[in-house]
Each structure stands twice: as structure tokens, then as C-alpha cells.
1. Here are some residues: A:Pro174, A:Pro151. Which one is of a type outside the set (S, T, N, Q) and within 24 Å of B:Gly227 (Cα to Cα)?
2. Within the stretch A:132-153, can you find the residues that are touching a Gly at 6+ places or on another chain (Cβ under 7 Å) and surrounded by fewer than 20 Cβ atoms within 10 Å (Cβ to Cβ)?
3. So which of B:Ser307, B:Ser271, B:Ser299 ends up being small (Gly, Ala, Ser) and under 30 Å from A:Lys270 (Cβ atoms)?
4. Among (1) free of Cβ contacts under 8 Å to residues at least 24 places away in the same chain; (2) more than 16 Å from A:Asn12 (Cα to Cα), which single condition is A:Asn44 missing?
5. Identify, by number, the condition in (1) modelled with pLDDT of 95 or more; (2) surrounded by fewer than 18 Cβ atoms within 10 Å (Cβ to Cβ); (3) under 30 Å from B:Glu184 (Cβ atoms); (4) of a type in the set (A, V, I, L, M) that A:Ala62 doesn't meet.
6. Please list, ordered by residue number, the helices (runs of 4 or more DSSP H) wholly in the stretch A:226-322 having 2 or more residues that are surrounded by fewer than 24 Cβ atoms within 10 Å (Cβ to Cβ), touching a residue at least 60 places away in the same chain (Cβ under 8 Å) and more than 10 Å from every other protein chain (Cβ to nearest Cβ).
7. So if I check each of A:Leu198, A:Leu191, which one is more than 10 Å from every other protein chain (Cβ to nearest Cβ), in contact with an Asp or Glu (Cβ under 7 Å, 6 or more places away or on another chain) and in a helix (DSSP H, G or I)?
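The values are calculated or read from the model by the stated rules, or taken from the named source; none is laboratory data. As the structure is a computational prediction, the values presented were derived from the model and not from experiment. A quick note on method: Cβ atoms are made from the backbone with ideal geometry, for glycine too, and the neighbour counts reach across all protein chains shown.
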2 protein chains.
Amino acid sequence: MKIVIDAYGGDNAPHAIIEGVCLALKKWNDFSVILTGDETGIENELKKHEGVDTGRVSIVHAPEIITCDEKPTIAIKKKKNSSLVAAMEIMSRHEADCLISAGSTGAVLTGATLIVRRIPGVKRPALAPIMPTGTKPFLLLDCGANADCKPEYLQQFAIMGSTYMQNVMGIYNPSVALVNNGEEKSKGSELAKASYELISKTDVCFAGNCEGREIFSGKYDVIVTDGFTGNVILKEAEGFAMELFKMLKNELLSSFKSKLGAVLCKSAFKSVKKLMDYTEYGGAPLLGINGGIIKAHGSSDAKAIVSAVLQARRYVNSGVTEKIAKSIASIPAEDTVVEGL
Amino acid sequence: MKIVIDAYGGDNAPHAIIEGVCLALKKWNDFSVILTGDETGIENELKKHEGVDTGRVSIVHAPEIITCDEKPTIAIKKKKNSSLVAAMEIMSRHEADCLISAGSTGAVLTGATLIVRRIPGVKRPALAPIMPTGTKPFLLLDCGANADCKPEYLQQFAIMGSTYMQNVMGIYNPSVALVNNGEEKSKGSELAKASYELISKTDVCFAGNCEGREIFSGKYDVIVTDGFTGNVILKEAEGFAMELFKMLKNELLSSFKSKLGAVLCKSAFKSVKKLMDYTEYGGAPLLGINGGIIKAHGSSDAKAIVSAVLQARRYVNSGVTEKIAKSIASIPAEDTVVEGL
């Protein structure tokens, strides 16, 4: 198994990326890596880590870097010699089984769509991070690959998400819910109502609509929505948790008694923070692309890269790309249309 | 000033509603109330409270009740003798200045639109709750009155929200942000991009796009979005906070040390819960209706009703309905169209 890693993508690149890769290489023996980026820079970072089987590491020199400030479509087209485009090209030539990048989300999405390309029949790929809850994590898709969606995209998201959770995460018959502003079938936006109908026609275990209140309840394995709403859900959770912890800190520091209490509660606070830390779950797969693409968080540290490598190994071993292709191909054409629309 | 109150709307009606009304009557002298609902029931509840100036209370007998399970449009049309429809009719005859109901959100929205009607020129009314943050609260609109929106609705939401925060909440030149899945002007859904353009043409203090991460940062006074996204944002915050506190509780109970710590931190936890409790801020005004309509939370207790009465008094005293009418009438027709659409 070959995993190609964009060594120069992310806030902590290249040192954290290479450190994570080295840790993963020592941990598992069943894969080799191709690192893309500035050759000398990568070699210098690799030298810092001992006991790594360098026979399993190859480097593709691609010294340009795509930053988060660049317009993705322009960057992908112009910076042919960037670490990200080089990695995508390797995927498109089938010289690697999975790609990991902690670089610009927009550039990863654009690069994957333009260079690696979609699975035949897939209308839109979906960015699908695993989100934590107090009980069990769930897959949220789409989280921003497609701001404007059609019902047939959401139908495919339901199928792709369910296939991923079943095969990569080992959840038997995952329950799938649709984000809506009401529980009843008849409620919601035109998009949500039509998507409800189309998802009902598929084989996924469809649990119906899910209001905002239930998203983090741990009731569902897959939560489907358009990329605009999904992006807001994901980022709101991040911001809201941060705000809540900040408020709690302020309150705890306001009296001697609670300060003392806070010291005693420290490990409990840490556990909750860890439980809610979605970088623990690796990165977000970009489902619907013809090959594994894992978008790691921009702020990924070495530990997050190790998680992403674990996820990439599972992705490849499960054969989920082929399984998604098969599921998508099996939707009857008449089941992708909502009557009366 | 006359405030009409739906005595039979909400999970704790009529006792909590009447209790709240009695507390408010004792607290402030500048208003009288009309209570709608079953006359005997209301009289029995009123008898439980001493020291209330009954000269300021009148009752309109309307024994039917609209529940949350009923389809709003059918309920409003059929149950002419319900506490909610009676209250709406009083508003439409201008016999009261403001209405408070803790009943079914759908029925309140439908009743307000069909019976009290919109301010001339307002395309859609918006449900606009005040949301708490660690620093200052903000107005979020629309939170579910309109699942499908057009850019010109969001333009009006920006104006109405800004007018409300300035006049009712006393915020000078409130900053207005637009929910989007990216910070740059060029980012986002078609709706968000077109709304950005239209809001830019208004006089509001427009701070641009706001990603999910920033919603609860306390940076903005008014946050504008479509009713679908707003509803998800509101309910996600509610559900997420609950889930986080549940996880924290579990972790705190897992060791003797943290259990002891939790006892010492109890008042800090309570303060945070109180800070995040949006029932503290009264109800959500339904902006754009020709008269004050305050939708109190379904689970409102007496304290929440007192807050809603305070809000109703401010609403009426500020003359915000007339100010919204004036602002909406002053938008030049050519500024409600996005070029190229």
C-alpha cells in the first residue's frame, strides 16, 4: 500500500507532517509513503527522526507551496510544481492508493475534482469529517465542498456516507439522518423535502429528519446536509465549545473556592476537551473521488497525522472507493427524480 | 400600554403564564394586560396571587387550545375561538400594542402573518431571538419563519435586525454580519453572495461574512441568515451545550477527586448555564409584523414571562414597528436587485 503525503500542507508543515509520518511508519509495517514538497527540506526533517525504515519512504521534489489565501482554481492550475498538485498527479496516475493533505481545504477539493476526478456517476464529492459526541461519533457530510446542492446530491451523500461508515468505521447498518428545521417529513426547505423523498428510495437505513438539537445527540451514524449548512454546523460546534470553555474558565477563576475546585477537576476538563477534539479522528475523507483523499485539519500536529495515516490504511483496506462506485451505479435512474419537481 | 397574552400557550400554561403576568404587574405600573383563554381557568389562576391590581387585567374568553402537533395553517383557520387566534384578532383590531405567546411557533408565525399582517413593504417577517455569548448577546435572524429565502429577504432582515437592536436593545450602530461558509465576499452559496451585495447597499453597519466559528464569538450585534440555517444554528447551540454539560458531568463523577472539585465549582457551572440560558432574554420578536409579537420559549416559566413582558414594554416604548416601516420604505427599488441575476 502506498500513501502519498503533502509534506508542505498545513499550519505546522513540514515538521509536524514528517514527524507524524515517521511515527506512523514505526507503528505499522503494511505501507510505504511518498512525500511531496521541497526535497532538501523533507530530507532535513527526516534526519531528525531515528529508527525510520527509509526504504519505505520516497520523495517527489515539488518546491512550490499553495497557501490558504490563494484562489484554489487558479493555484491548482498555475502551481503545477506545488506539493499538493504533485501529490494529486501521483494519485491520478494510480501510483498511490491514498492521499493525505493538511493544506488549504479549497485547494484539496479543487485538486481532487480536477486532477484525481470523481467516481463515474458521482455528481458531487462530499467532505465528510467524523464528529465527536458524548456517546458515539458520526459522519457529517457535506461540510463545504458544495455550497449549493440539489436533492440528488444529498441522495448520493447519504449512500456514500453510509458505505463509508459501514466499511471503514465498521458500523453495521449505519443510521442516516437528514438535517432539517422540523422533524416531520412535510417540514423544511424545498431542498430538504425533496432530498427526504430521494433518500427514502435508497437502501440506506434512513432515520428521517434531524433537527439542530439532535445533531450531537449521538443518535445517528451519518448526518446528511448541503455543504453550506454542514460547514456552519461543523464550525459552530468548534467556536461554541471554545466560547463555553472560555466562559467556564472566567467563572472558575472568579473565586478562591472555585479556583481550588478547578484544580481538582482538571483531568475531567481535559477528558471532555479530548473527547470533543475531532482531530483525534484523523481527517475528513473526500467521498466520491476516484481514490482515497484525506483532508487533515489545517492545524494538524504529528498525532493528528498518525490518525490520518490510520484512517488512510483503513480506507484502502476496506476497498470503499469500489464499494461507493458500485452503490452509486445501482441507483435506478427513476429514483433520482422527485415527482412534481 | 396594553399587552395581550396568550394564557393557554406553552408547556407550562396557564399557571406559569399567569404567575409571570402577576409578577410583572407588581413590578411595573405602565401597562395593562388582556389575557386570552378559558375564562374560569384564568380566574382560578389569578386568585392564587395576592396583591395584583385586577383593574389592569381583562380576560377574553377563548377556550380552544392550539397544540404543537397541529398543522398551523389549519389550526389558525379552524380554531377561531382559541387563545392564540383571539389574541391575534385583538392585535389586528389595534386593541393592544404587543402580543406575547409561548405557544406553537408555527401557529404564532402563521397567525401573525395571516391575522395581524406584515408591515407594508416587508417581504417576509423574521423570527429573531437574542442569543447569549460570553461577552455580549446578539440577535439571530431568521430562525425559522422562512425555510427558503431570497436575497432581498435577507437584506430586509439586516435592516430590521439592526433597527431592533438599536431601538429596543439600545446598541448604538449595531454591527451586522452575514452567515457564510467563508470569510471573503466572493465565497459561499448563491444566496449568500447575492445577499452580501444587497446588504452592502443598505445603511446598516455591515461587517461582512461570518463563518460558523465566529457566530458565538460576541463580535457582532446582529447575525443574518435564512430561516433554515438560522434554525439549525439556534438548535445546534442548545443541543451541543446540553451534550457538553452531560459529558462534563460524567467525567466529574468518575473520580472522588473530581467529585469534590465539582462541589467547589458548582456556582461557576451554574453561572455559565445561566449566561447561556436564552430564556433569560425574554422571547423572540417576530420582526416585520405590523405590531409587536413576542414568541416566548415553549418551556417558559414565570421568570421567562416576566422577561417577555419587559421586552414587550421596551418594544412598544421604542416605537420600533414604525421605525422598521420607515427603514423598509426608504430602500430604493434599484438597491433590491443583484446585477446579473
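1. Working: A:Pro174 fails: within 24 Å of B:Gly227 (Cα to Cα).
Sole residue among the options that is of a type outside the set (S, T, N, Q) and within 24 Å of B:Gly227 (Cα to Cα): A:Pro151.
2. From the stretch A:132-153, those touching a Gly at 6+ places or on another chain (Cβ under 7 Å) are A:133-136, A:139-147, A:149; that's our starting set.
Matches in the stretch A:132-153: A:Thr135, A:Lys136.
3. On the way: B:Ser307 fails: under 30 Å from A:Lys270 (Cβ atoms); B:Ser299 fails: under 30 Å from A:Lys270 (Cβ atoms).
Testing whether each residue is small (Gly, Ala, Ser) and under 30 Å from A:Lys270 (Cβ atoms) leaves just B:Ser271.
4. (2)
5. The one condition A:Ala62 does not meet is (2).
6. Values: elements: A:227-252, A:256-275, A:302-318.
Hits in the stretch A:226-322: A:302-318.
7. Values: A:Leu191 fails: more than 10 Å from every other protein chain (Cβ to nearest Cβ).
After applying the criteria, what remains is A:Leu198.
Here's the yes/no breakdown for (1) among the hydroxyl-bearing types (Ser, Thr, Tyr); (2) modelled with pLDDT of 90 or more; (3) not assigned by TED's automatic domain parsing to the domain that holds A:Ala7:
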{"residue": "A:Glu211", "(1), (2), (3)": "no, yes, yes"}
{"residue": "A:Lys219", "(1), (2), (3)": "no, yes, yes"}
{"residue": "A:Thr225", "(1), (2), (3)": "yes, yes, yes"}
{"residue": "A:Lys266", "(1), (2), (3)": "no, no, yes"}
{"residue": "A:Lys274", "(1), (2), (3)": "no, no, yes"}
{"residue": "A:Ala308", "(1), (2), (3)": "no, yes, no"}
{"residue": "A:Ala312", "(1), (2), (3)": "no, yes, no"}
